[in-house]
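Step one of this worksheet: look at the structure below.
Rule-based calculations on the coordinates, nothing more; no lab input. The structure displayed is predicted, hence computed values, not measured ones. Neighbour counts run over all protein chains shown; Cβ positions are idealised from the backbone, glycine included.
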């Protein structure tokens with residue numbers, strides 16, 4: 001039961017980060033397609049910053065789960081945020 005709650009929180013964290021990334025691309029992109037903006041951000045080395053801005057929605061999901069007293073789901077959101085941060089770090093330096 002606990003693993004299921006953490007997994008649900010993890011999936012919410014990943015989806016919230018993806019939606020936040022899309023919103024960041026639409027707000028800060030150059031008006032082109034999403035794919036073009038992602039490729040340009042990778043080439044110009046600011047993809048990590050877009051992912052970080054996208055993670056703001058994880059903050060909202062985390063506090064929503066805390067307020068609803070769903071602590072294990074909140075742990076899943078934190079786990080997703082940490083995992084995305086590690087992948088972003090590895091992507092930047094490898």
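Annotations
- Matching option when the condition is in a helix (DSSP H, G or I) and either over 12 Å from the mean Cα position of the chain (by Cα) or surrounded by fewer than 14 Cβ atoms within 10 Å (Cβ to Cβ) (or both), among 59, 50, 21: 59
- Matching residues, the stretch 24-37, being buried (at least 16 other Cβ atoms within 10 Å of the Cβ) and in contact (Cβ under 8 Å) with a residue 12 or more places away in the chain: 24, 25, 37
- Long-range neighbours under 9 Å by Cβ, at least six apart or interchain, first residue surrounded by fewer than 20 Cβ atoms within 10 Å (Cβ to Cβ) within the stretch 1-13, second in a loop (DSSP other than H, G, I, E, B): 5/70; 8/70
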